[in-house]
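One structure is given here, and the rest of the page talks about it.
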Amino acid sequence: MDGNGRWARARGLPRTAGHRQGAEALREAVEGAAEHGIQHLTVFGFSAENWRRPAAEIDELMRLLRRYLRAEIDELHRNDVRMRVIGDRTRLSRDIVDLIAEGERQTASNTRLTLTVAINYGGRQEIVGAARRLAERAAASEIDPAAIDETVFAHELFAPDVPDPDVVLRTSGEKRLSNFLLWQCAYSELMFLDKLWPDFTRDDIARIIDDFRQRDRRYGATLETR
């Protein structure tokens, strides 16, 4: 969800105003995805690298996260949306961890859409963590290294029951993955939108779906061998 800062700067506003408008765009994306029958939506809320930003901006992002969790969980629950969070929670403040846990508990039985929010997340870090856990299990003779395949490895990721994404969307004209779902995105369709994230609306969901339907997904095969 890129472009919050640029959106604010273009309007002579502080970056924090862009982040607040970005939260409104997230509501649009969730509602649009649910309306179109999408079952899984994963958003990159705060990366492991975002801790390098100025302390004041990080504080504002954490305040915004608290506000979102307090204000939106009931709305997500009413709309039958399940919320999950992936990433390393050890660096988050205790109250945010508690809000996340309560939100996940409250929405756990919802089935219309699963909204997965990546917070303090990094794709490389997720892969390293999975490898470390498997190495520890192998060292303890709990698993035969020869038995480790893609399925076994994927089970050690943050949300192994969430399917790999069909589409990865990057807004604001950026054209890189930036450490997002590196394992899961092996065969995802990549889409790049010049629009800044705060300007994203549910109509963009419809355009993304139309684009996706026109793509030919071969997973390494040819048209003749599928």
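Using semi-axes √(5λ) of the Cα gyration tensor in Å as the read-out, say which of (i) 33, 19, 17; (ii) 29, 24, 18; (iii) 42, 22, 15 was calculated from these coordinates. Label of the calculated value: (ii).
Please list, by residue number, every one of the GluC sites (Glu not before Pro) in the range 165-226 that is coil in DSSP and has at most 14 other beta-carbon atoms within 10 Å. Walk me through the numbers before you get to the answer.
On the way: sites: GLU174, GLU189, GLU224; in loops: GLU174, GLU224.
Listed in order of number, the matching sites are GLU174, GLU224.
Accessible surface computed residue by residue for the chain, with neighbouring protein chains in place and a 1.4 Å probe, gives 56 Å² per residue.
In the chain, the DSSP-assigned H stretches of four residues or longer account for a calculated mean residue ellipticity at 222 nm of -14500 deg cm²/dmol, using -39500 (n - 2.57) per stretch and the full residue count as denominator. Measuring nothing but how far apart in sequence close Cα pairs (under 8 Å, 6+ apart) lie, relative to its length, the chain scores a relative contact order of 26 percent.
Over all other residues within a Cβ to Cβ distance under 14 Å of ALA48, the charged ones net out to +2, with Lys and Arg as +1 and Asp and Glu as -1.
Explain nothing, just the number: relative contact order of the range 159-226, from Cα pairs under 8 Å at least 6 residues apart, as a whole percent. The value is 32 percent.
With r as the distance between the Cβ atoms of ARG52 and LYS195 and R0 = 22 Å, compute the FRET efficiency 1/(1 + (r/R0)^6) and round to 0.05. It would help to have the intermediate numbers written out before the result.
On the way: r = 26 Å, r/R0 = 1.17.
Efficiency for this residue pair is about 0.30.
Let me check I've understood the local charge: for ARG215, count other residues with C-beta under 12 angstrom from its C-beta, Lys and Arg +1, Asp and Glu -1. What total comes out?
Taking every Cβ under 12 Å from that of ARG215, the sum is -2.
Sparse packing (at most 14 other Cβ atoms within 10 Å of the Cβ) combined with a DSSP loop state is found for the following trypsin sites (Lys or Arg not before Pro) in the range 153-194: LYS175, ARG176. A Cβ-based charge dipole, computed about the Cα centre of the chain with Lys and Arg at +1 and Asp and Glu at -1, lands at about 740 debye. Summing charges over all other residues whose Cβ lies under 15 Å from the Cβ of PRO165, with Lys and Arg as +1 and Asp and Glu as -1, gives -2. A cut-off of 5 Å between modelled amide H atoms, ignoring neighbours fewer than 5 places along the same chain, links ILE86 with VAL117, ALA118, ILE119. Per-residue 3J(HN,Hα) values for the range 150-166, derived from phi via the Karplus relation 6.51 cos²θ - 1.76 cosθ + 1.60 with θ = phi - 60°, read 4, 5, 5, 5, 4, 5, 8, 6, 4, 9, x, 7, 7, x, 4, x, 6 Hz in sequence order (x marks Gly and Pro).
The values are calculated or read from the model by the stated rules, or taken from the named source; none is laboratory data. Just so it is clear, the structure is predicted and the values come from calculations on it, not from any experiment. Don't worry about glycine lacking a Cβ; one is built from the backbone with ideal geometry, like all the others, and counts go over all protein chains shown. We work out accessible area using only protein heavy atoms, side chains counted, and drop any ligands, DNA or RNA first. Shrake-Rupley method; radii C 1.70, N 1.55, O 1.52, S 1.80 Å.
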